[in-house]
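Heads up: the structure comes next, in structure tokens.
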Amino acid sequence: MSIQPKTVREQVTNQIRDDLLSGRFEAGSMLREIELASRFGVSRGPVRDAFIQLSHEGYLAYYANRGVMVRHPPNPEDRKFITAIRQDIETHVVMKGASQVTEESLKVVEVALDRLKAACDAGKATVIALRDVEFHESVLVACGGDDMLGAWRQLCSRMLLTYTRHENYAQTYREHFEIFTPLADNDAKSTVAAIRANIR
């Protein structure tokens, strides 16, 4: 599987997303196109495109006549509710589609798992968070849940703003390996149980 070089827009988007996850930008602060364009050495176009993308993903919010604001992480009560909805989406998709996972789509999930392991070995929390979501997204796609991705990504972005489960990187990887193993056997019930144990 060849990796295509990232466009300037993708590079800027990825860097701003990393900054948001690492806490470089304070919740509620306004981001300025011109400042970030100067920092990255690019025109304002890629920064504007990044703002649009990250707003769609749920990290930023547009306000008329004010600009783009960093969204606040959910409070504990809302986070519990968001977690429950995310669990429901993933388990619903897996129960419907685990029996139809193809060898090709399973390979994509396996690659995502390997990328998560590499992130856990490196120990960089922001990358682990992104690889975690990448893995779960690959599971949804493998099980035919493409129509659910938009809503699901919004939920994940809210959870990532308070992603703190990195005390034990080996455990993080192991939980995802335990999702992959039954999925590879088309065992929907065991995959669902592993997902529920992981998303909390």
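The values are calculated or read from the model by the stated rules, or taken from the named source; none is laboratory data. Source: prediction; values computed, not measured. Reconstructed Cβ throughout: ideal geometry from the backbone, glycine too, with neighbour counts over all protein chains shown. Keep in mind that these areas ignore ligands, DNA and RNA; they rest on the heavy atoms of the full protein, side chains included. Shrake-Rupley method; radii C 1.70, N 1.55, O 1.52, S 1.80 Å.
Pulled fully out, how much extra length does the chain show between Lys189 and Arg24, if you take 0.36 nm times their separation in residues and subtract their Cα-Cα distance? Could the numbers behind the result be given before it?
Details: separation 165, 0.36 × 165 = 59.40 nm, distance 3.99 nm.
Additional length available on full extension: 55.4 nm.
Could you list, bin by bin from short to long, the percent of Cα-Cα pairs of the stretch 1-94 in 5 Å steps?
Per 5 Å bin, starting at 0, the Cα pair percentages come out as 2, 12, 19, 20, 16, 12, 10, 6, 2.
At 1.002 mPa s and 20 °C, plugging the Kirkwood radius over alpha-carbon pairs of the stretch 1-56 into Stokes-Einstein gives what diffusion coefficient in µm²/s?
The Stokes-Einstein estimate is 181 µm²/s.
I need the trypsin sites (Lys or Arg not before Pro) found in the stretch 52-132, filtered to DSSP loop residues with at most 13 other beta carbons within 10 Å of theirs.
Those satisfying the criteria are Arg66.
Express the relative contact order of the chain as a whole percentage, based on alpha carbon pairs under 8 Å and six or more residues apart in sequence.
Working: 222 pairs, mean separation 48.4, N = 200.
Once divided by the residue count of the chain, the mean separation gives 24 percent.
If you take the charge dipole of the chain about its Cα centre, with +1 on Lys and Arg Cβ and -1 on Asp and Glu Cβ, which of Pro74, Ser29, Phe51 is farthest toward its positive end?
Value computed over the given set: Ser29.
Assuming 0.36 nm per residue, please report the length gained on full extension of the stretch Arg79 to Thr102 beyond their Cα-Cα distance.
On the way: separation 23, 0.36 × 23 = 8.28 nm, distance 3.33 nm.
Once the chain is fully extended between Arg79 and Thr102, it gains 4.9 nm.
Pop the C-beta distance of Thr181 and Leu149 into the FRET formula with R0 = 25 Å and round what comes out to the nearest 0.05.
My answer for the efficiency is 0.60.
Among Leu183, Thr102, Asn65, whose Cα projects farthest towards the positive end of the dipole of the stretch 58-200, with charges put on the beta-carbon of Lys, Arg (+1) and Asp, Glu (-1)?
Sorting the options by dipole projection puts first Asn65.
Calculate, for the stretch 25-156, the solvent-accessible area per residue in square angstrom, rolling a 1.4 angstrom probe over the heavy atoms of the protein chains.
For the stretch 25-156, the per-residue accessible area is 52 Å².
If you look for lysine pairs in the chain that are eight or more places apart or on different chains, how many of them have Cα atoms under 27 Å apart?
Lysine pairs meeting the criterion: 13.
In the stretch 1-97, carbon and sulfur make up what percent of the accessible area (probe 1.4 Å)?
Of the solvent-accessible surface of the stretch 1-97, carbon and sulfur hold 51 percent.
State to the nearest 20 debye the size of the charge dipole of the chain about its Cα centre, where the only charges are +1 on K and R beta carbons and -1 on D and E beta carbons.
It comes to approximately 660 debye.
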